[in-house]
Every structure is written in structure tokens, then in C-alpha cells.
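Inspection log for the structure reproduced underneath, given as C-alpha cells.
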Amino acid sequence: MIYDEPRFLSGGDRAVFIEFGNSIDPEANQRVTDLKRALEAADIPGVVESVPTYRSLLVYFEPQRISAAELRETIHHLRRSTTVHERPKRKLVEILVAYGGEFGPDLEVVARHNNLSPEEVVRIHSGARYSIYMLGFMPGFPYLGGLSPKIATPRKATPRLKIPAGSVGIAGNQTGIYPTESPGGWQIIGRTPLKLFEPTREPPALLSAGDYLTFVRITPEEFTAIEKTVQNGTYQLTARFIE
């Protein structure tokens with residue numbers, strides 16, 4: 001459910017939550033993105049950082065420079081003065097993925113669970129446009145909206161102790177990408193050679209909440225070749241603005 005008016009919740013003496021709904025919903029997330037970008041454009045003194053989630057925005061502030069009440073009034077003003085026509089364009093980023101085999105050991109698990117062939121799973125997974133709802137769990141990990149229910153699959157009963165960086169997985173009705181090597185229980189169906197998080201890069205995260213991405217299938221040979229260009233810094237990310 002989306003709230004008629006956002007709810008303001010205290011996050012301590014230096015932060016406030018602005019909630020737009022109580023469920024995962026594209027419109028609620030769009031409102032989160034709109035407010036985040038409006039705050040960034042306004043460059044309000046005392047506002048330190050804003051962190052988007054599926055349905056809310058966490059705003060950190062310096063109470064010596066702006067009070068919680070002043071921040072709340074400022075946010076109300078921004079929401080009233082911002083229209084749909086003023087929304088900035090959103091990027092569509094292409095994430096290259098080698099599916100199955102050593103890159104996606106759970107592709108057949110997902111296929112069997114949904115009574116599909118592995119090829120059908122790949123076609124469905126790579127044929128959608130996903131909203132980047134939020135980054136979380138670990139730096140740069142994108143939580144994506146738009147996975148087809150035809151390939152939704154529960155998490156593994158026993159998580160793996162080590163999942164390679166770049167692994168693309170499915171957990172329930174979500175899909176995401178592991179930016180760094182990590183334990184995890186998602187069903188791994190592929191892997192990208194791209195680096196989703198690099199501390200020395202500016203910005204460190206390859207993806208941004210509020211944008212879109214698509215998965216583009218590549219061969220194992222292409223994976224190896226692209227991985228080399230990523231490592232030597234010559235790879236050029238494919239992205240375009242769509243709205």
C-alpha cells in the first residue's frame with residue numbers, strides 16, 4: 001500500500017526516515033527516487049546524505065545546522081514543488097552475463113523448480129528490464145524489481161560459504177548481483193565480468209538506485225575477453241538515458 005502522505009520517523013537525533021508505503025511497490029520506489037534527487041539538487045545546508053530503500057528514504061542531517069522540524073518542512077516543500085515533468089532521465093545499464101555451467105551452477109535448479117528448460121530461464125531472465133530499487137547487504141549489491149514470477153525460486157536451504165564476485169542470483173521473487181566474493185544462499189544462474197564495486201573508483205558503486213538495468217547474455221569466451229578489458233581499465237560500460 002502507498003500512503004497518501006509520507007510518514008516521518010525518527011532515526012535518532014541526526015537522521016529521519018521518510019516512508020512512502022508499507023510494501024515493495026514501483027510507485028513507492030519512484031517517490032523515494034524523486035525525493036532523493038530533489039534533495040541532491042536543492043543542496044540544503046545541513047543535509048549530509050540520503051540513503052534509498054525499497055519504500056523509504058533515510059536522510060542524515062546536522063542538527064546544529066538544520067532541525068528535524070525544518071528538514072521535514074523543507075521536504076514537504078520539495079515534494080509540493082516537484083512535478084513528474086521535472087523528473088530527471090534514468091539510466092539503463094547493460095550488465096553482461098555468462099549463464100550456466102561454472103558461471104551459473106544453479107541454473108538447472110531454477111529450471112527444474114519452474115518446469116522450464118535452462119534456455120527458457122535465460123531467455124526470461126535476460127529479456128526483462130529491471131528497476132534498481134536499492135543497494136544493500138554489501139556495498140554495491142543491487143536489489144532489483146521486475147523478475148518474472150515464471151522463474152522465481154526459493155533460496156538454497158544451505159547457503160554456500162563462497163560465491164564469486166559478479167555472480168547473478170535469484171532468491172524468491174528477487175534477482176541481484178554479488179559485487180564481491182561472499183557467502184550467500186541465492187540460486188546462482190550466471191556471472192558478470194564487470195566490477196560492481198571498486199573502492200578506488202568514483203563513484204565506487206557501478207550502479208545507482210533509481211536507474212534500470214538489463215542482462216545481456218555472453219559466451220564463456222566473451223566473458224574471458226571482457227574480464228581482461230575490465231582488469232586493465234579499458235572496458236566501456238554500455239548505458240543510455242531512457243526517460
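Please treat every number below as a calculation from the coordinates, not as lab data. Remember, it's a predicted structure, so these values are computed and weren't measured experimentally. Positions of Cβ are backbone-derived with ideal geometry, glycine not excepted, and every protein chain shown enters the neighbour counts.
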**Request:** Pop out the ³J(HN,Hα) list for region 13-26 in order, Karplus 6.51 cos²θ - 1.76 cosθ + 1.60 with θ = phi - 60°, rounded to Hz; leave Gly and Pro as x.
**Result:** 8, 10, 8, 9, 9, 10, 9, 10, x, 10, 8, 6, 8, x
**Asked** Of 12, 24, 172, which is farthest along the charge dipole of the chain in the positive direction, counting Lys and Arg as +1 and Asp and Glu as -1 at C-beta?
**Response** 172
**Prompt:** Helix 68-81 versus the longest principal axis of the chain: what angle, 0 to 90°, nearest 10, using Cα atoms?
**Reply:** 70
**Item:** Cross-link partners of residue 91 among lysines (Cα-Cα below 17 Å; sequence separation of 8 or more within a chain)
**Value:** 36
**For residue 196, distant residues with modelled amide H under 5 Å away** = none
**Descending Cα extents along the principal axes, region 34-106, whole Å** = 55, 30, 19
**Message:** Just want the answer: with Cβ charges of +1 for Lys and Arg and -1 for Asp and Glu, which residue in 41, 103, 117 is farthest toward the dipole's positive end in the chain?
**Reply:** 117
**Complete:** Given trypsin sites (Lys or Arg not before Pro), DSSP loops and at most 15 other Cβ atoms within 10 Å, the longest exposed-site-free stretch of the chain is 15-64
**Asked** Out of (i) 21.8, 74; (ii) 19.4, 59; (iii) 19.2, 65, which label holds the value of Rg and Dmax of the Cα atoms in Å that was computed here?
**Response** (ii)
**Message:** How would 192, 180, 224 line up from fewest to most surrounding beta-carbon atoms within 10 angstrom?
**Reply:** 224, 180, 192
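For a quick check of your reading of the filter: which GluC sites (Glu not before Pro) in region 180-231 sit in a DSSP loop and have no more than 16 other Cβ atoms within 10 Å?
Passing sites in region 180-231 are 181.
When the helices in the chain are scored as -39500 (n - 2.57) per DSSP H run of 4 or longer and the sum is shared across all residues, what 222 nm value do you end up with, to the nearest 500 deg cm²/dmol? Walk me through the numbers on the way to the answer.
Numbers: 5 runs with 59 residues, N = 243.
-7500 deg cm²/dmol, from helical runs alone.
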